[in-house]
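A.B. asks: I have a structure here, written as structure tokens, and I will follow up with some questions on it.
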Amino acid sequence: MQLISICFLIGTLALQLPFACLWDDDTIVVEREAFPGAHEMIVGHFARHSPAYYRWRIDDRSAVPVEQRRPADYDNIAVAHEKLGDHDAAIRTIEDKIQRWPDTDRYQSEANLATFLIHAGRLQEGLNHIDRALEINPDAHFGREIYQRMLVQALLAKDDPA
């Protein structure tokens, strides 16, 4: 029975991985509108756009000269890459932001980087960044990182032969 419960938990949480914590302008707009309902909080229901929109967003934000870019521009570019499935570009972009502004919007940077790494299959690295995000702001994103962390731990335990 315990094995069935664990499998159910892992399966339920695994369904949420595509909706893991990402921060860009869309996230902020939705969270400022009002508190979403319980279902929206759990599944991460935020505005979704077409691939063409995300390609436009990358081009538009990348057209800003590097010295004039804001931290939010990097978040928007990185999340757009992630939404298009280019995890490596998302990781590089958010790492560039962290290098340029190590103390600015650090929670968003850690949460985004964690999600990008997890989606790229780099679970342990992603878990390290989830932990950093939780240290900075344990209640952000309605506490969703706690569940993201549990899912990653379950996936790592499943793969651990010990």
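A.B. asks: Would region 96-112 turn up any residue that is among the acidic types (D, E) and either within 15 Å of the chain's Cα centre (by Cα) or on the phi > 0 side of the Ramachandran plot (or both)?
C.D. replies: yes
A.B. asks: Regarding V79, is this residue out of contact with any helix residue (DSSP H, G or I) (no Cβ under 6 Å at 6 or more places or on another chain), loosely packed, with under 13 Cβ neighbours inside 10 Å and of a type in the set (V, I, T)?
C.D. replies: No; evaluated as a whole, the condition is false for this residue.
A.B. asks: Looking at region 150-159, can you tell me whether even one residue there is under 14 Å from the mean Cα position of the chain (by Cα), of a type in the set (A, V, I, L, M, F, W, C), assigned to a helix (DSSP H, G or I) and farther than 20 Å from D24 by Cα?
C.D. replies: Yes.
Any read-out appearing in this document is the output of simple, stated calculations on the displayed coordinates, not a laboratory observation. What you see is a predicted model, and the numbers here were worked out from it, not measured in a lab. Glycine also receives a Cβ, built like all others from the backbone with ideal geometry; neighbour counts cover every protein chain displayed.
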